[in-house]
Amino acid sequence: MPILNRESFKDSASGDALPKLPLPSLSETLDRYLRCMKHLLTEQQFNKTQKIVKQFGAPGGVGELLQSKLAERREKKANW
């Protein structure tokens, strides 16, 4: 396998060798979290977790604030 010239992959504007990873939406992240937790928790624990996740992801909630900060960091940093 030939060795690739790293310079040929650099973005001339930012100097990054690879494109930035996509930032999933908050709702996608919370849905994935709940799907993963469903199999690990009892029904009672899962119901409590769902309520907490719903509160975290509510409009104007902590989740939206943190998601916006993560989006800002993604724009400013190559490896966020």
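The values are calculated or read from the model by the stated rules, or taken from the named source; none is laboratory data. The structure presented is a predicted model; accordingly, all values stated were derived computationally and were not measured. Cβ sites come from the backbone with ideal geometry, for glycine too, and all protein chains shown count toward neighbours.
Things worth noting here:
- Qualifying residue in segment 38-60 (condition: within 22 Å of residue 21 (Cβ to Cβ) and either out of contact with any helix residue (DSSP H, G or I) (no Cβ under 7 Å at 6 or more places or on another chain) or in a helix (DSSP H, G or I) (or both)): no
- Within the option set 50, 45, 67, being within 18 Å of the chain's Cα centre (by Cα), at pLDDT 95 or above and not acidic (Asp, Glu) holds for one residue only, 67.
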